[in-house]
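Colleague: First the structure, then my questions, so here it is.
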Amino acid sequence: MPESIAMPSSPWHAADAAYLAHHFRCPHCIAAGATQGERARCVVGQALWTAYVEAGLPLFQHPKGATVLV
């Protein structure tokens, strides 16, 4: 990846990586994601999801200078 578009590390990235690592190994969290809240996440998954949501979305600096929300 060229340096000009390298993504910065942020609390959101850490929370995203932690939740996704758990999510794809947990049938409860997979079901919760697939049913958009009709089913509950497991206790660990809910804590990771809450941290992910509270981290907010990251801001990236576009190579042409504009800040974008991703």
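The values are calculated or read from the model by the stated rules, or taken from the named source; none is laboratory data. Because the structure is a prediction, the values reported are computed rather than measured. Cβ: placed from backbone, ideal geometry, glycine included. Neighbour counts: every protein chain shown.
Colleague: Just the residues that are of a type outside the set (Phe, Trp, Tyr), in a helix (DSSP H, G or I) and under 14 Å from the mean Cα position of the chain (by Cα), please, taken from the range 28-57.
Modeller: CYS29, GLY33, GLY45, GLN46, ALA47, LEU48, THR50, ALA51, VAL53, GLU54
Colleague: Further, regarding this structure: Tally time: how many residues in the range 13-50 are free of Cβ contacts under 8 Å to residues at least 40 places away in the same chain and touching an Asp or Glu at 6+ places or on another chain (Cβ under 9 Å)?
Modeller: Number satisfying all stated conditions: 2.
Colleague: Where residues in the range 1-27 are surrounded by 14 or more Cβ atoms within 10 Å (Cβ to Cβ) and modelled with pLDDT of 90 or more, which of them is farthest from the chain's Cα centre (by Cα)?
Modeller: CYS26
Colleague: Looking at GLN36, GLN46 in this structure, which one is exposed (fewer than 10 other Cβ atoms within 10 Å of the Cβ) and modelled with pLDDT of 65 or more?
Modeller: Testing whether each residue is exposed (fewer than 10 other Cβ atoms within 10 Å of the Cβ) and modelled with pLDDT of 65 or more leaves just GLN36.
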